[in-house]
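Undergrad: Here it is, the structure in full.
All of the numbers you see were taken from the coordinates with simple rules; none came from a lab. Since this is a predicted model, take the numbers as computed values, not measurements. We place every Cβ from the backbone using ideal geometry, glycine too, and count neighbours over all the protein chains shown.
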Amino acid sequence: MAKPGTTNAPTEAWSGTVVAAYGRRCIVQTDDGKRIPCQASSRHMHPVCGDRVSIASAGTDSGRVLSISDRKNLFSRSGSTRTKHFAANISQLAIITACEPPVDDDLLARMLIGATAAGLEVVVILNKSDLSDRLPAARAALAPFRDLGHRVIEMSAREDVSALRSALDGHRTLLIGQSGMGKSTIVNRLVPDANVRTAEISRWLGTGKQTTTASHLYSVGPGSEIIDSPGVSRFGLAGMGAEAIQHGFPEFIAHASGCRFADCMHLSEPQCAVTAAAESGLVHPRRLALYRRILENEVPARGRRN
Ligand SMILES: Nc1nc2c(ncn2[C@@H]2O[C@H](COP(=O)(O)OP(=O)(O)OP(=O)(O)O)[C@@H](O)[C@H]2O)c(=O)[nH]1
Ligand SMILES: [Mg+2]
Ligand SMILES: [Zn+2]
C-alpha cells in the first residue's frame, strides 16, 4: 500500500471489505483487490467479517480502520454474558450438518430462529453423504425441517460440491454449524487458494491454524461470496424475545387460534390447542418440547407475554 503523501483525510482513505476479523485486528480487501492487515483505530471499534470500512495507511503494508459503514445486518449468537458475532451484511445462511457427527436438532432449530429473526434466506446442508450407513438416520433427523419447507441439500464435500455452488449464486452466504461438519472442507473445494489464504490471515490475526477460529470471507464467483466460520456447540438466543422464537415454529400457528387464551404461550396454560395437537400427533411432540425448552431458557418469565 502506497504511503499517502499528505495528511489530508479524503486523499488517504481507501474503501474495502473486512474479509477476516479477530478482536481489533482484521484483514481488509480494498476495492482494487489488495488485502491489507489493519487495526481498529479506537478501543470501541469492533470490525466484523463482511463490514464495509474506510481505512488509512499505518506504515508499510498495514492500515488503520477509520470507520465502519452502517450494517445491513449482523449475525450473532448471544449467551447470558457474551455475544459472538459471525459476520455482517450477509444475505443467506447455510447451516452445515453432516451424517457424522449426528444432526443436533436443538442447535439446528436455534440457528433457524436466528436466521428468521435476521431476515435471511436459509439452506440446510447435509454433508458427508458418502457415509452411506449413516445417511438414513441423518435424513430422519432432518425430516421435520424439510416438512417445514426448508431446503435441504445432500452432498459430499469429498466428492462434489456442485449442488451447493448454484445455491450460492448472487448471495453472500455464511456457513455455520458444529465443529467437524466440513465447513472448511467445502470452502477449500470452492476456493482453490483458501488454505493458503487462511494460513496467511491466521498468522496476522494470531489465531490457531488447526480448526477455524475466525470468520473468513471468500469470493466464489461474480456476485457470490462465502464466509467460513468457527464451529459452534451452542447457539444462544438471549434477548431474542418470545415472538421471534415463536416464528421458528410456524407449524404451531394453525392450532394456536384454538387456544383458550388469545395470548397463550403453549407452556402449561389450560386448554392449549398446541398442547392438544402435540398429544394427538398433529404437531411433533419433540418440536413442542424444544420450543418450551428454548423459551424457558432464553426468555425471562416476565417477558413471555406477546
Ligand atoms: N467422509 C467425509 N468426510 C468429510 C467430508 N467433508 C469433510 N470431511 C471431514 O470432516 C473433518 C472436519 O472437516 P472440517 O472441514 O475441518 O470441519 P469444520 O466444519 O470446518 O470444523 P471447524 O472448523 O472446527 O468448525 C475433516 O476430517 C474432513 O476431512 C465429507 O463430505 N465426507
Ligand atoms: Mg473449519
Ligand atoms: Zn396454546
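Undergrad: How would you order 166-176, 52-62 from highest to lowest mean count of nearby Cβ atoms within 10 Å?
TA: 166-176, 52-62
Undergrad: Where the convex hull is taken over the Cα atoms of the stretch 74-228, what is its projected area averaged over directions, in nm²?
TA: 9.4 nm²
Undergrad: With Cβ to Cβ distances under 13 Å as the rule, what net charge do the other residues near Ser41 carry (K, R +1; D, E -1)?
TA: My count for the surroundings of Ser41 gives +3.
Undergrad: Ok, one more. Working from the pairwise distances between different alpha carbons, so that the mean of 1/r is found and then inverted, what is the stretch 242-303's Kirkwood radius in Å?
TA: After inverting the mean inverse Cα-Cα distance, the result is 11.6 Å.
Undergrad: Among 114-120, 278-284, how do they line up from the highest to the lowest mean number of other beta-carbon atoms within 10 Å?
TA: My ranking of the peptides, most packed first, is 114-120, 278-284.
Undergrad: Sort the following peptides by mean Cβ neighbour count (other Cβ atoms within 10 Å, averaged over residues), highest first: 125-136, 182-193, 75-86.
TA: 182-193, 125-136, 75-86
Undergrad: How much mean residue ellipticity at 222 nm does the chain get from its helices, if each DSSP H run of length 4 or more adds -39500 (n - 2.57) and you divide by all residues, to the nearest 500 deg cm²/dmol?
TA: -8000 deg cm²/dmol
Undergrad: Kirkwood Rh over Cα pairs of the chain into Stokes-Einstein at 25 °C, 0.890 mPa s: D in µm²/s?
TA: After rounding, the answer is 117 µm²/s.
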